[in-house]
Amino acid sequence: MGVEQSKIEGGQETLAEFLASDDTLDPLHNLAVVDAQLTIALAKSLNLQKLVVQEITDHINRVSELNVRINRFKSTDPAKKDASFGETKEDALAILNLLKAEGVQDLQKYFDKLKIGTDGKPTVTITANSDDIGAWALKLQSVSESLSNQSQQESLRLQTFTNRYTQASDQASTLLQKSAQSKSTISPNFRN
């Protein structure tokens, strides 16, 4: 059921009509309208905040995958520091670009080793020093920890929006019920 199709408290008005209504003789009704408008604004903020949290989570996952990806090329032989880097020349270039995007520095010597051709594609394979790969992994771990802290803060903000949304929604409903009760109480009193 769409928002425009919703009926308010058994009446025939739509949500849009209810939100536009003004009953100066019934302050409870007007407070319910304000709370309903607040609920709609909070719902929009809540949805945006969910997107922020999801975006940070996706970024953390990408950083973790990149960390796993680079550690595959770390030499397991302690006597041999250098190992082939990247499944292909293009893979090595893609990894270096991802590392650069995450703020890893001192990559230029590896970009230089690839010898990018006139077509923009690398022309040679490269080897990477295990110590450099370890340093890159530490930088990625630092980025991941920073993102985790940011995710926790944004999740708390999301919880705050959720609580405020629930509170405003409940308050609007309660005010409408009280308004209806007060109207039903007044009518019988006129008959007496």
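The values are calculated or read from the model by the stated rules, or taken from the named source; none is laboratory data. Worth saying up front: this structure is predicted, and the values here are computed from it rather than measured. Positions of Cβ are backbone-derived with ideal geometry, glycine not excepted, and every protein chain shown enters the neighbour counts.
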Filter segment 47-102 for residues that are touching a strand residue (DSSP E or B) at 6+ places or on another chain (Cβ under 6 Å) and assigned to a helix (DSSP H, G or I); which is farthest from LYS139 (Cα to Cα)?
-> LYS89
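Every residue, every condition in (1) closer than 30 Å to LYS109 by Cα; (2) of a type in the set (A, V, I, L, M, F, W, C), yes or no:
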{"residue": "GLY134", "(1), (2)": "yes, no"}
{"residue": "LEU138", "(1), (2)": "yes, yes"}
{"residue": "SER146", "(1), (2)": "yes, no"}
{"residue": "GLN150", "(1), (2)": "no, no"}
{"residue": "SER155", "(1), (2)": "no, no"}
{"residue": "LEU158", "(1), (2)": "no, yes"}
{"residue": "ASN163", "(1), (2)": "no, no"}
{"residue": "ALA168", "(1), (2)": "no, yes"}
Among residues of segment 97-141, those that are in contact with a helix residue (DSSP H, G or I) (Cβ under 7 Å, 6 or more places away or on another chain) and within 24 Å of LYS80 (Cα to Cα), counted | 14
Considering LYS74, LYS113, which residue is among the basic types (Lys, Arg), crowded, with 16+ Cβ neighbours inside 10 Å and in contact (Cβ under 8 Å) with a residue 60 or more places away in the chain?
-> LYS74
Can you name the residue in segment 99-145 that is out of contact with any Leu (no Cβ under 9 Å at 6 or more places or on another chain) and aliphatic (A, V, I, L, M) and is also farthest from ASN61 (Cα to Cα) among such residues?
-> ALA128
Per the filter on segment 1-31, residues at pLDDT below 70 and charged (D, E, K, R) are GLU4, LYS7, GLU9, GLU13, ASP23
Filter segment 16-70 for residues that are out of contact with any Leu (no Cβ under 7 Å at 6 or more places or on another chain), charged (D, E, K, R) and over 30 Å from SER84 (Cα atoms); the one that is surrounded by the fewest Cβ atoms within 10 Å (Cβ to Cβ) is ASP22
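So that you can scan it fast, the table gives a plain yes or no per residue for (1) over 32 Å from the mean Cα position of the chain (by Cα); (2) modelled with pLDDT under 85; (3) surrounded by 15 or more Cβ atoms within 10 Å (Cβ to Cβ); (4) not in a helix (DSSP H, G or I):
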{"residue": "GLU154", "(1), (2), (3), (4)": "no, no, yes, no"}
{"residue": "THR160", "(1), (2), (3), (4)": "no, no, no, no"}
{"residue": "SER179", "(1), (2), (3), (4)": "yes, yes, yes, no"}
{"residue": "SER182", "(1), (2), (3), (4)": "yes, yes, no, no"}
Have a look at ALA137, ALA168 and point out the one that is at pLDDT below 90, surrounded by 14 or more Cβ atoms within 10 Å (Cβ to Cβ) and part of a helix (DSSP H, G or I).
-> ALA168
Return only the number of the condition from (1) in contact with a helix residue (DSSP H, G or I) (Cβ under 9 Å, 6 or more places away or on another chain); (2) at pLDDT 95 or above; (3) not aromatic (Phe, Trp, Tyr) that VAL34 does not satisfy.
-> (2)
